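What follows is a single structure, written as structure tokens, with notes after it.
Nothing in this text is a laboratory measurement; each read-out follows from the coordinates by a stated rule. The model shown is predicted, which means the values in this text are computed figures rather than measured ones. We place every Cβ from the backbone using ideal geometry, glycine too, and count neighbours over all the protein chains shown.
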Amino acid sequence: MRKGLGRGIEALFPEEPQTEDKQDKKTLKLTEIEPNKNQPRKDFDKEKINSLSISIKEHGLIQPIVVTKNSRGRYTIVAGERRWRAAKQAGLKEVPVVINDYSDEEAAQIALIENLQRENLNPIEEARGYKALLEDYNMTQEEVSARIGKSRSAVANSIRLLSLEKSITEKLASGELTGGHARAILSLSDSGQRLSLADKIIENGLNVRQAEHAARQMQKEKKPMPEKRKSFYDIESDALSERLSSKLGTKVSLRHGAKKSKIEIEYYSDSDLERIIEMLGV
């Protein structure tokens, strides 16, 4: 596997100019090029595509598209799908390209990292990108954070967004909610409260700080367990559960039985489990 794998933009556009024997620069027909199915960006801004298309009509495509020849004899986009879409819209038949020699797996991984480094994905596209690097390419959270340039906790918190209800992730993808809003929503364990807070944020235009305050209020207003009065032991157990939940960043429950008791720690993905195990020092 080549040394450049996983370095994203640096692997595609190094500081030192590459010689012709390292990069194959040529012109390809648009019909010979296809998008990368592992591209994390699923939604492309139509206005931005249209604006770029107008510029391409006037000035041509200045920055070449980076591609690699795939196993089907066609060319897969490694970087530049937005330019490819705009060139098609502008009516171009051919575009300048830089052809790099990557395997299908290398091209997919580099495309993922290149897009994540650009930081212009919506929160759900970003979270799915991190999850793909962890699960599809067996990278650790430390490797992902090092190559993307973000902390391991930022990567873990991003992936946690995928555990939210579908209607909330859709609002995150559309831009109605931000990643900061989502973190406030994640502080609530009850699905109904999460959905209610998401609607409240949108309806009232709450900023992140206001959303966090609303989440705390909802936690206080949550109905207590009816009838049975808690013993001092139960109160202490609840307090310990809350401390453990806060420490591990996920829900922790203490279950007491007559003969045996247990601790339940929730996790939402393999990477989330890995994060918890690391925090426990195992």
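Quick notes on this one:
- In a simple Cβ point-charge model (Lys, Arg +1; Asp, Glu -1; nothing else charged), the range 122-221 has a dipole of about 280 debye relative to its Cα centre.
- Here the Karplus curve 6.51 cos²θ - 1.76 cosθ + 1.60, taken at θ = phi - 60°, turns the phi angles of the range 200-217 into couplings of 5, 4, 5, 5, 9, x, 5, 7, 5, 4, 5, 5, 5, 5, 4, 5, 5, 5 Hz, with x standing for Gly and Pro.
- Ranked by how many other Cβ atoms sit within 10 Å of their own Cβ, fewest first, the residues Ser167, Ser253 fall in the order Ser167, Ser253.
- Modelled spin-label separation between Leu273 and Asn204, with each label point placed 7 Å from Cα along the Cα-to-Cβ direction: 3.9 nm.
- Inter-centroid distance (Cα atoms) of the range 173-212 relative to the range 254-282, Å: 26 Å
- Amide H contacts of Leu28: Val95, Val97, each under 5 Å away and 5 or more positions distant or on a separate chain (H built 1.01 Å from N in the peptide plane; Pro and chain starts excluded).
- Fully extending the segment from Glu47 to Glu264 would add 73.3 nm, taking 0.36 nm per residue of separation and subtracting the current Cα-Cα distance.
- Packing rank of 257-265, 99-107, 244-252, 57-65, where each peptide gets the mean count of other beta carbons within 10 Å, highest leading: 99-107, 244-252, 57-65, 257-265
- Computed over the Cα atoms of the range 232-279, pair by distinct pair, the Kirkwood hydrodynamic radius stands at 11.6 angstrom.
- Computed over the Cα atoms of the range 120-267, pair by distinct pair, the Kirkwood hydrodynamic radius stands at 17.2 angstrom.
- Taking θ as phi - 60° and the Karplus parameters 6.51, -1.76 and 1.60, the scalar couplings of the range 245-250 work out to 4, 5, 5, 8, x, 7 Hz in sequence order, x denoting glycine and proline.
- Entries of Lys25/Lys150; Lys69/Lys93; Lys171/Lys251; Lys131/Lys262 with Cα pairs more than 28 Å apart: Lys25/Lys150; Lys131/Lys262
- Of the residues Glu81, Glu94, the one with the fewest other Cβ atoms within 10 Å heads the list, and the complete ranking is Glu94, Glu81.
- A protection proxy built from the mean count of other Cβ atoms within 10 Å ranks the segments 66-75, 204-213, most packed first, as 66-75, 204-213.
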